[in-house]
1. Quick one: would you say Glu5 is among the acidic types (Asp, Glu) and over 20 Å from Arg99 (Cα atoms)?
2. Please determine whether any residue of the range 100-122 is without any contact (Cβ under 8 Å) to a residue 60 or more places away in the chain and farther than 30 Å from Ile81 by Cβ.
3. Output the number of residues of the range 89-104 satisfying the condition of being surrounded by 12 or more Cβ atoms within 10 Å (Cβ to Cβ), among the basic types (Lys, Arg) and closer than 16 Å to Gly77 by Cα.
4. Which numbered condition in (1) outside the structural domain of Arg7 (by TED's automatic domain parsing); (2) more than 17 Å from the chain's Cα centre (by Cα) is the only one that Asp62 fails?
5. Can you tell me which of (1) under 30 Å from Cys21 (Cβ atoms); (2) hydrophobic (A, V, I, L, M, F, W, C); (3) not assigned by TED's automatic domain parsing to the domain that holds Asp12 is the one Ile81 doesn't meet?
6. If I ask for residues that are surrounded by 14 or more Cβ atoms within 10 Å (Cβ to Cβ) and at pLDDT 80 or above, which ones from the range 8-34 would you list?
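The values are calculated or read from the model by the stated rules, or taken from the named source; none is laboratory data. Not measured: the values here are computed from a predicted model. Every residue, glycine among them, receives a Cβ derived from its backbone with ideal geometry; neighbour counts consider all protein chains shown.
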Amino acid sequence: MNGKEKRIRILDIQDQHCQPCEFQMKPLQECMQHCEVGLELKELARGLFEENKGRKPKEEWDEICRQAAKLYEQGFGTTMITKTLGCPSSTLREQLKKRGLWKGKTQAEIQEQSRKKWDDWCQQALKLRGQGYSYPKIAQYLGVPASNLRNEMSKRGCRL
């Protein structure tokens, strides 16, 4: 039975059995304890929520986070870990933070590291340009796209 059929079945059951039922105005927990129809409704509803395959249960995330923490300790990077474990990096990071297992850098630390890296590359580019190298050759030597190098040089007020 697919989700649509389950929803229709729930509505049909409620129309046929729940309107005259003495437990109708009582908490659902009480209904399920005393009524077979209540139990069937519970199972149908559970089936609807279990169909949401995008969400992993807490226990599964606990295990994924344990594996991720081990892989981080072994020196694997985030990209490799998320590919291995089959989950998006943002979701993994969020789940690791919830469990106090996140050992990665903050966004500010990542940006600072990137800024320092580009500062260094731009200084190298200025030296290489002084030696007569072209933008494409400098970019190739540094292992970065020439357009990125131009943009970063421009941000820093350096012209080659």
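1. yes
2. Yes, because at least one residue in the range 100-122 is without any contact (Cβ under 8 Å) to a residue 60 or more places away in the chain and farther than 30 Å from Ile81 by Cβ.
3. Total satisfying the criteria: 1.
4. (2)
5. Result: Ile81 fails condition (1) only.
6. Arg9, Ile10, Ile13, Gln14
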